[in-house]
Amino acid sequence: MTQTKHNKKSMKSRGVAFYSLTFALPVIQFCIFYIGVNFNSILLTFKEYDTVKGEYSFAAFENFSKIFDSLSSGNELAYAVKNSLLLWASNTLIGVTLALLFSYYIYRKKPCSGFLRVLLFLPQILSSIVMSFIFMFLVGRGLTSIGFPDYLNELETQFPTLIFYNVWVGFGSSVLLYSGAMGQVSTEMLEAAEVDGASDFVAFIRLVLPSIFPTITTFLVTGVAGIFTNQAALFNFFAQGAKIESYTIGYYLFQKVAATNAGFSQYPLAAAGGLVFTFVAAPLTLLVRYLLEKFGPSED
Amino acid sequence: MKGTKVLKWLKDNVFYIVVGVILFAYAFSMIYALVWAFFVTVKPSSWFIDTPMDIFKGEMTMSHWVDVLSKLRVKVDGQSQYIEQLLLNSIVYAGGCALVSTLCQCIAAYLTAKYDFQFSKIVYTVVIIAMIIPIVGALPSEMQVLRSMGLYDNLLGIYILKMNFLGMYFLVFYAIFKSLPWSYAESAFIDGASHFKVMTRIMLPLVQTTFLAVFLLNFIIFWNDYQGPMLYLPSFPTASYGIFYAKFNSTDGLTNEQSQLASCVLAAVPVIILFLLFQKRLMGNLTVGGIKG
């Protein structure tokens with residue numbers, strides 16, 4: 001008996017040792033590169049970089065002042081916020097709607113659904129730089145040769161063209177996951193609806209969508225976070241040379257770090273911008289999640 | 001009578017017909033773009049200037065592909081790295097990052113799902129919170145931390161950066177491990193197996209199909225990524241970065257647009273082959289339910 005108790009205790013302590021040792025490295029990584037990086041990011045917002053001395057110094061709220069000036073003066077960030085919201089609205093209203101409709105078509109195994117499922121996934125498999133370059137040459141060389149304007153390089157049409165591009169390549173994985181979720185819907189329920197005379201459209205709206213609403217919620221909630229991170233493929237098409245009128249928040253923050261003329265002096269401003277938008281993004285994401293769960297359709 | 005049947009069929013299927021028309025129009029646009037891109041890479045320069053939309057006109061030429069193999073390069077500290085080095089860098093970058101990322105998420109999910117300690121609950125909550133609450137603009141800080149730790153511009157650094165358990169695939173592995181019976185492990189413990197052996201010889205092999213699918217998806221993501229190598233590994237340019245570099249940085253080397261598009265097709269070939277070989281696994285049932293927490 002004592003031996004069994006001893007064995008059990010020994011097994012438990014070895015389990016704790018194994019658990020602790022195995023988790024050690026990922027936890028340390030998390031502490032440094034999630035907690036540490038975000039803490040450092042907050043500290044960076046209060047600094048400025050002296051390019052002559054090559055060091056950071058305390059700058060109080062100067063970076064925040066520049067960010068709010070840019071937002072209110074109708075400059076870079078003002079355009080970025082407007083365009084980011086437009087992009088999100090397009091992706092949500094057009095992209096999510098079409099993805100759901102296409103997923104239902106594939107789920108109901110209509111003509112060529114197997115082939116279409118593969119084709120819709122293809123833009124996710126191919127590199128964003130590959131898809132961007134194909135689109136860039138098709139629009140800039142191909143369509144202009146038959147009389148169309150250069151939609152990507154003309155100011156009035158540049159951002160609408162980018163919206164079209166982002167919706168065009170953005171279906172992929174969401175169609176896969178939506179049709180996977182639809183596969184969990186009870187076929188008896190759909191058959192019963194058919195017997196009752198409900199059309200396919202009514203079955204889609206009243207039965208299928210409520211059943212997969214948790215999956216839709218996931219995409220809608222992460223889509224809100226995407227308002228602040230989506231570069232809209234601007235860096236693919238233009239590197240650091242995009243027109244200010246086409247900026248998005250994601251592109252504005254990224255090119256502060258990545259552009260060839262970026263440097264340590266841009267880091268504090270980018271960090272300040274990131275912090276300001278985090279304070280908007282975090283509660284907004286939670287609010288959207290709350291509203292969707294409270295007012296969204298339920299399976300009942 | 002026949003007309004009535006047709007009308008009834010149309011009325012019963014109008015929803016699918018409308019969706020089908022839009023879907024086929026989308027499919028046509030995607031196929032046309034990809035086919036056109038291929039023809040651009042095998043047509044002469046005069047065709048590209050005069051009639052770039054008429055894919056049936058003009059001869060074929062492999063000169064742009066020869067250009068890619070001889071001229072696609074990235075200059076690092078004055079030295080040029082050509083296509084074979086770029087492809088090798090891509091394999092090392094994509095393979096290594098995909099492996100550490102997938103392994104870390106898988107093992108973290110296993111420990112969280114199977115070891116009922118308080119810390120497991122904390123880890124699960126942290127993953128959910130990190131997915132729900134976005135952090136914007138941490139990139140400058142991340143670059144600063146990497147440089148200060150001596151992990152910037154080296155492979156070990158990027159592998160450590162990608163060795164995190166946050167993300168959707170943690171939840172995928174967690175759900176699978178939660179559903180696996182612990183009786184296999186208990187039998188092994190009785191036979192004297194250690195916890196490490198149980199994990200590596202019994203539990204991980206049970207999820208190998210999902211592990212492979214997640215690894216392949218991550219491999220494709222990292223293979224296609226050009227911004228990661230550009231930011232974190234400037235001395236190890238990958239093929240995807242090479243394409244970007246050729247378009248925006250190179251005043252010599254691959255300046256011809258058709259050759260640049262040929263480099264795009266070349267970079268896409270490995271992932272297309274992977275996709276065709278493992279299509280069912282890649283498009284299999286990696287389901288994501290709601291975010292609960």
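The values are calculated or read from the model by the stated rules, or taken from the named source; none is laboratory data. Just so we're clear, the structure is a prediction, and the values are computed from it rather than from any experiment. Neighbour counts run over all protein chains shown; Cβ positions are idealised from the backbone, glycine included. Heads up: the accessible areas ignore ligands, DNA and RNA and are worked out on the full protein's heavy atoms, side chains in. Shrake-Rupley method; radii C 1.70, N 1.55, O 1.52, S 1.80 Å.
Just a yes or no: is a residue in region A:185-202 among the small types (Gly, Ala, Ser) and in a helix (DSSP H, G or I)?
To start, the set of residues in region A:185-202 that are among the small types (Gly, Ala, Ser) comprises A:186, A:192-193, A:197-199.
Right, trim to in a helix (DSSP H, G or I) and you get A:192-193.
Yes: region A:185-202 contains one or more residues that are among the small types (Gly, Ala, Ser) and in a helix (DSSP H, G or I).
Where residues in region B:246-272 are hydroxyl-bearing (Ser, Thr, Tyr), open to solvent by less than 40 Å² (accessible area, probe 1.4 Å) and more than 10 Å from every other protein chain (Cβ to nearest Cβ), which of them is nearest to the chain's Cα centre (by Cα)? Working first, answer last.
Within region B:246-272, the subset hydroxyl-bearing (Ser, Thr, Tyr) is B:250-251, B:255, B:259, B:263.
From what is left, the residues that are open to solvent by less than 40 Å² (accessible area, probe 1.4 Å) are B:250, B:259, B:263.
Now narrow it down to the ones that are more than 10 Å from every other protein chain (Cβ to nearest Cβ): B:250, B:259.
Numbers: B:SER250: 26, B:SER259: 24 Å.
Ranking the qualifying residues of region B:246-272, first place goes to B:SER259.
Within region B:161-183, restricting attention to residues that are more than 25 Å from A:PHE33 (Cβ to Cβ) and part of a helix (DSSP H, G or I), which residue is nearest to the other protein chains (Cβ to nearest Cβ)?
In this case the residue turns out to be B:ALA175.
If you go through region A:80-111 one residue at a time, how many are away from chain B (no Cβ under 12 Å), open to solvent by less than 40 Å² (accessible area, probe 1.4 Å) and closer than 18 Å to A:THR218 by Cα?
Qualifying residue count for the region: 4.
Scan region A:223-280 for residues that are farther than 17 Å from A:ASN75 by Cα, aliphatic (A, V, I, L, M), assigned to a helix (DSSP H, G or I) and under 16 Å from the mean Cα position of the chain (by Cα) and report the count.
4
Assuming B:CYS104 fulfils every condition listed in (1) of a type in the set (A, V, I, L, M, F, W, C); (2) touching a Leu at 6+ places or on another chain (Cβ under 6 Å); (3) modelled with pLDDT of 95 or more apart from one, which condition is it?
Here B:CYS104 clears every test but (2).
Residues are listed down the side, and each one gets a yes or a no for (1) open to solvent by 20 Å² or more (accessible area, probe 1.4 Å); (2) closer than 25 Å to A:ASN38 by Cα; (3) more than 10 Å from chain A (Cβ to nearest Cβ):
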residue: B:GLN105; (1), (2), (3): no, yes, no
residue: B:THR112; (1), (2), (3): no, yes, no
residue: B:ASP116; (1), (2), (3): yes, no, yes
residue: B:TYR124; (1), (2), (3): yes, yes, yes
residue: B:MET131; (1), (2), (3): yes, yes, no
residue: B:GLU142; (1), (2), (3): yes, yes, no
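Name, by its number, the condition in (1) open to solvent by 50 Å² or more (accessible area, probe 1.4 Å); (2) of a type in the set (Ser, Thr, Tyr); (3) part of a strand (DSSP E or B) that does not hold for B:SER80.
(1)
With the requirement that a residue be under 12 Å from A:ALA272 (Cα atoms) and crowded, with 16+ Cβ neighbours inside 10 Å, what does region A:43-61 give you?
Those that are under 12 Å from A:ALA272 (Cα atoms) and crowded, with 16+ Cβ neighbours inside 10 Å: A:LEU44, A:THR45, A:PHE46, A:LYS47, A:GLU48, A:ALA59.
Among residues belonging to region B:1-41 that are more than 9 Å from every other protein chain (Cβ to nearest Cβ) and in contact (Cβ under 8 Å) with a residue 40 or more places away in the chain, point out the one that is surrounded by the fewest Cβ atoms within 10 Å (Cβ to Cβ).
B:PHE38
Residue by residue through region B:150-180, note down the ones that are of a type in the set (A, V, I, L, M, F, W, C), farther than 13 Å from B:CYS104 by Cβ and open to solvent by less than 50 Å² (accessible area, probe 1.4 Å). Walk me through it before giving the result.
Taking region B:150-180 first, the residues of a type in the set (A, V, I, L, M, F, W, C) are B:151, B:155-156, B:158, B:160-161, B:163, B:165-166, B:168, B:170-173, B:175-177, B:180.
Still in the list and also farther than 13 Å from B:CYS104 by Cβ: B:151, B:155-156, B:158, B:168, B:171-172, B:175-177, B:180.
Matches in region B:150-180: B:LEU151, B:LEU155, B:ILE158, B:LEU171, B:VAL172, B:ILE176, B:PHE177, B:LEU180.
Within region A:169-195, which residues are open to solvent by less than 20 Å² (accessible area, probe 1.4 Å) and within 12 Å of chain B (Cβ to nearest Cβ)? Reasoning before the result, please.
Step one: of region A:169-195, the residues open to solvent by less than 20 Å² (accessible area, probe 1.4 Å) are A:171-172, A:174-175, A:178-182, A:185, A:190, A:193.
Once the filter is applied, which keeps residues that are open to solvent by less than 20 Å² (accessible area, probe 1.4 Å) and within 12 Å of chain B (Cβ to nearest Cβ), region A:169-195 yields A:PHE171, A:GLY172, A:SER174, A:VAL175, A:TYR178, A:SER179, A:GLY180, A:ALA181, A:MET182.
Can you tell me which of (1) touching a residue at least 24 places away in the same chain (Cβ under 8 Å); (2) facing another protein chain (nearest Cβ under 8 Å); (3) over 27 Å from A:ILE134 (Cβ atoms) is the one A:ILE249 doesn't meet?
So the condition that A:ILE249 fails would be (3).
Quick check, is B:VAL66 in contact with a Pro (Cβ under 8 Å, 6 or more places away or on another chain), surrounded by fewer than 17 Cβ atoms within 10 Å (Cβ to Cβ) and over 30 Å from B:THR209 (Cβ atoms)?
Details: in contact with a Pro (Cβ under 8 Å, 6 or more places away or on another chain): no; surrounded by fewer than 17 Cβ atoms within 10 Å (Cβ to Cβ): yes; over 30 Å from B:THR209 (Cβ atoms): yes.
No, not satisfied.
I'd like the full set of residues that are facing chain B (nearest Cβ under 9 Å) and of a type in the set (A, V, I, L, M), limited to region A:27-55.
Hits for region A:27-55 are A:VAL27, A:ILE32, A:VAL37, A:ILE42, A:LEU43, A:LEU44.
List pairs: first residue in region A:268-293 and of a type in the set (Lys, Arg), second residue in a helix (DSSP H, G or I) anywhere in the structure, Cβ distance under 9 angstrom, at least six positions apart or on different chains.
That search, which allows pairs on different chains as well, returns A:ARG289/A:THR217; A:ARG289/A:LEU220; A:ARG289/A:VAL221; A:ARG289/A:VAL224; A:ARG289/B:ILE132.
Across region B:200-240, which residue is surrounded by the most Cβ atoms within 10 Å (Cβ to Cβ) among those that are of a type in the set (Ser, Thr, Tyr) and in a helix (DSSP H, G or I)?
Just the residues of region B:200-240 that are of a type in the set (Ser, Thr, Tyr), to begin with: B:200, B:209-210, B:226, B:232, B:235, B:238, B:240.
Now drop any that are not in a helix (DSSP H, G or I), which leaves B:200, B:209-210, B:232, B:240.
Details: B:THR200: 12, B:THR209: 11, B:THR210: 21, B:TYR232: 21, B:SER240: 29.
Only one residue fits best here, namely B:SER240.
Which residue out of A:LEU177, A:LEU155 is at pLDDT below 85 and closer than 30 Å to A:ASN83 by Cβ?
Working: A:LEU155 fails: at pLDDT below 85.
Only one candidate qualifies: A:LEU177.
B:TYR184 fails exactly one of the following numbered conditions: (1) among the hydroxyl-bearing types (Ser, Thr, Tyr); (2) over 28 Å from A:CYS31 (Cα atoms); (3) modelled with pLDDT of 90 or more. What is the number of that condition?
The one condition B:TYR184 does not meet is (3).
Taking the criterion of being modelled with pLDDT under 90, out of contact with any Asp or Glu (no Cβ under 7 Å at 6 or more places or on another chain) and farther than 17 Å from A:ALA258 by Cβ, would at least one residue in region B:224-240 satisfy it? Explain how you work it out, then say what you get.
Initially, region B:224-240 is screened for residues modelled with pLDDT under 90, giving none.
Taking every residue of region B:224-240 in turn, none turns out to be modelled with pLDDT under 90, out of contact with any Asp or Glu (no Cβ under 7 Å at 6 or more places or on another chain) and farther than 17 Å from A:ALA258 by Cβ.
Would you please name the residue that is nearest to A:SER113 (Cα to Cα), looking only at residues in region A:198-218 that are within 11 Å of chain B (Cβ to nearest Cβ) and open to solvent by 40 Å² or more (accessible area, probe 1.4 Å)? Give the derivation first.
First pass over region A:198-218, keeping only residues within 11 Å of chain B (Cβ to nearest Cβ): A:199-205, A:212-218.
Still in the list and also open to solvent by 40 Å² or more (accessible area, probe 1.4 Å): A:199, A:201-202, A:205, A:214.
Details: A:SER199: 20, A:PHE201: 18, A:VAL202: 21, A:ILE205: 20, A:PRO214: 24 Å.
Applying the filter and picking the extreme gives A:PHE201.
Kindly establish whether B:THR51 is over 30 Å from A:LEU101 (Cα atoms) and either open to solvent by less than 10 Å² (accessible area, probe 1.4 Å) or within 13 Å of chain A (Cβ to nearest Cβ) (or both).
On the way: over 30 Å from A:LEU101 (Cα atoms): yes; either open to solvent by less than 10 Å² (accessible area, probe 1.4 Å) or within 13 Å of chain A (Cβ to nearest Cβ) (or both): yes.
Considered against the rule, which asks whether it is over 30 Å from A:LEU101 (Cα atoms) and either open to solvent by less than 10 Å² (accessible area, probe 1.4 Å) or within 13 Å of chain A (Cβ to nearest Cβ) (or both), B:THR51 comes out as yes.
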